[in-house]
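Have a look at the structure below, then the notes.
Nothing in this text is a laboratory measurement; each read-out follows from the coordinates by a stated rule. For clarity, every value in this text was computed on a predicted model and none was experimentally measured. When we count neighbours, we look across all protein chains shown, and the Cβ atoms used for this are built from the backbone with ideal geometry, even at glycine.
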Amino acid sequence: MTRARSGGGRPTIDDIAQQVGVSKTAVSFALNGRAGISDETRRRILDAVEELGWVPHRAARALSGARTDTVGLVVARPARTLGVEPFFAQLVSGLQARLSTDTVSLQLLVVEDVAAEVAVYERWAAERRTDGVVLLDLEVDDPRPAALGRLRLPAVLLGGDGTPGPVPAVFVDDFEAMTSIAEHLVALGHRRIGHVGGIASYVHSVRRVEALQAVARRHGLEIVTVATDFSQRESADATRQLVHAEKPLTAIVYDSDVEALAGVTVLSEEGLRIPEDVSVVSFDDSELARLVRPALTALTRDTFALGEQVAEVLLSLLGGVPVDDVVLAPLPVLTPRASTGPRQ
């Protein structure tokens with residue numbers, strides 16, 4: 001018969017020990033899979049755990065240093081934007097797929113800004129909610145890597161600028177990737193190119209703009225960049241701004257496939273033909289980019305595999321396996337399609 005819980009509240013290790021008639025040390029050995037007790041005693045203890053409905057207290061788990069088998073991902077972007085972005089969906093799918101092979105779960109949280117994100121890390125570290133985190137969208141002068149180091153919360157960054165930082169990084173060279181887009185347009189004869197970018201404070205946004213400007217200096221181009229929050233609304237507004245610029249543009253580069261689709265709609269509404277009047281390139285490839293007509297020229301990469309790679313680095317870090325400060329990810333490859341053509 002089940003005994004009363006001490007204090008009448010949630011069951012404790014004392015309750016389990018009293019139920020089975022063993023010491024608290026024996027209960028601890030059973031719960032942590034340690035040797036020192038018989039198989040029969042271990043079975044009786046685990047049966048009592050199930051009967052009493054005991055679960056570890058967060059504070060006690062934090063003090064014990066036990067693994068949570070959970071990895072955290074906090075994203076400081078508008079939830080509406082993430083909900084329609086194929087890149088993010090594929091990345092998260094790859095993360096979870098690799099983590100699941102080690103029976104590790106992914107805890108996803110969307111917050112308003114970087115300050116709120118740091119507050120989440122502080123709470124998770126204090127309550128031992130997660131074993132480590134994946135960090136996205138590094139900003140210029142970003143406080144998050146230093147905060148994670150201070151909290152001693154293991155982390156892996158996706159992105160950065162390729163130089164070692166406070167946390168290991170899986171690095172995708174956005175500069176080289178954007179350079180391949182610009183050189184493709186130059187080869188087609190384009191000299192005035194619009195660019196619908198992302199959030200201007202992001203390091204990867206800065207590197208993409210720098211790449212365009214570097215190609216512009218080499219070839220005497222004129223580049224006009226309009227930053228957005230990656231949303232369809234701001235991307236559409238940016239496209240209208242570029243279409244009605246003082247001098248006509250012959251090509252527009254979009255930082256995501258969702259931005260590009262919003263732009264294609266605006267170009268059609270403005271009576272512009274693709275690619276006869278304006279060529280269009282997307283930095284991200286997806287089913288959306290391939291299904292729209294004309295199909296979009298885009299940078300192709302296996303985003304699912306990228307998520308797996310990030311998870312692999314983090315699992316290695318959590319397992320005490322040395323990892324490089326910067327781990328190179330495969331460079332996206334430009335896939336020319338019907339949305340780009342020679343300057344008319």
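Using DSSP loop states and a limit of at most 13 other Cβ atoms within 10 Å to flag trypsin sites (Lys or Arg not before Pro), what is the longest stretch of the chain containing no flagged site?
In short, 153-272.
In Å, what is the Rg of the alpha-carbon atoms in region 250-344, and how long is Dmax?
17.6, 58
I'd like the Kirkwood hydrodynamic radius of region 174-300, using the inverse of the mean 1/r over distinct C-alpha pairs, in Å.
Kirkwood radius, region 174-300: 14.1 Å.
Let me know the charge dipole size of region 254-344 about its Cα centre in debye, to the nearest 20, where only the beta-carbon of Lys, Arg (+1) and Asp, Glu (-1) is charged.
Working: 6 positive and 15 negative charges, 79 e Å.
Roughly 380 debye, rounded to the nearest 20.
So if I place +1 on the C-beta of Lys and Arg and -1 on the C-beta of Asp and Glu, and nothing else carries charge, what would the dipole magnitude of the chain be about its Cα centre? I want it in debye, nearest 20. Kindly include the intermediate steps, with their values, before the conclusion.
Details: 35 positive and 46 negative charges, 156 e Å.
Here the size comes out at about 760 debye.
Quick check: pseudo-label points 7 Å beyond the Cα along Cα→Cβ at Glu183 and Ser201, how many nm apart are they?
Going by the 7 Å Cα→Cβ label model, 3.4 nm.
Near the amide H of Ile252, under 5 Å away, which other amide H atoms are found, from residues 5 or more places off or on another chain, if H is placed in the peptide plane?
Gly194, Ser279, Val280, Val281
From the helices alone, meaning DSSP H stretches of at least four residues, give me the mean residue ellipticity at 222 nm for the chain, per-run term -39500 (n - 2.57), in deg cm²/dmol to the nearest 500.
On the way: 14 runs with 156 residues, N = 344.
So the calculated ellipticity at 222 nm is -14000 deg cm²/dmol.
Work through the residues other than Val258 whose Cβ is under 9 Å from its Cβ and net out their charges, Lys, Arg +1 and Asp, Glu -1. Intermediate results must be reported in sequence, preceding the final value.
Working: positive: none; negative: Glu85, Asp257, Glu259, Asp284.
So the environment of Val258 carries a net charge of -4.
Report the relative contact order of the chain, percent, no decimals, based on alpha-carbon pairs under 8 angstrom and at least 6 residues apart. Display every interim value, and only then the final one.
Working: 597 pairs, mean separation 58.1, N = 344.
17 percent.
From the square roots a ≥ b ≥ c of the eigenvalues of the alpha-carbon gyration tensor of region 61-192, which class results: rounded (a/c under 1.5), prolate (a/b over b/c), or oblate? Provide the component values of the computation, followed by the final result.
Working: a/c = 2.21, a/b = 1.92, b/c = 1.15.
The shape class here is prolate.
Roughly how many whole Å is it from the C-alpha centroid of region 292-306 to that of region 215-288?
16
Would you mind checking which residues have amide H under 5 Å from Leu334's amide H? H placed 1.01 Å from N; only 5 or more apart, or other chain.
Counting only residues 5 or more places away or on other chains, the set is Thr300.
Starting from the Cα-Cα distance between Arg273 and Glu246, subtract it from 0.36 nm times their residue separation and give me the gain in nm to one decimal.
7.8 nm
Regarding region 207-257, what whole-number volume in Å³ per residue does the convex hull of its Cα atoms give?
82
Please state, to two decimals, what the Cα-based radius of gyration of region 147-242 comes to when divided by 2.2 N^0.38 Å (N = residues).
Normalised Rg, Cα atoms only: 1.29.
In debye, nearest 20: dipole of region 145-224 around its Cα centre with unit charges on the Cβ of K, R (+) and D, E (-)?
180
Using a Gaussian network for the chain with springs between C-alpha atoms less than 10 Å apart, which of these wobbles most: Asp174, Asp131, Asp69?
Fluctuation is largest for Asp69.
Can you figure out the FRET efficiency of Asp14 with Val84, using R₀ = 45 Å and their beta-carbon distance, to the nearest 0.05?
Calculated value: 0.30.
What percent of all Cα-Cα pairs in the chain falls in each 20 Å bin, counting up from 0?
So the P(r) values, bin by bin, are 27, 44, 20, 9, 0.
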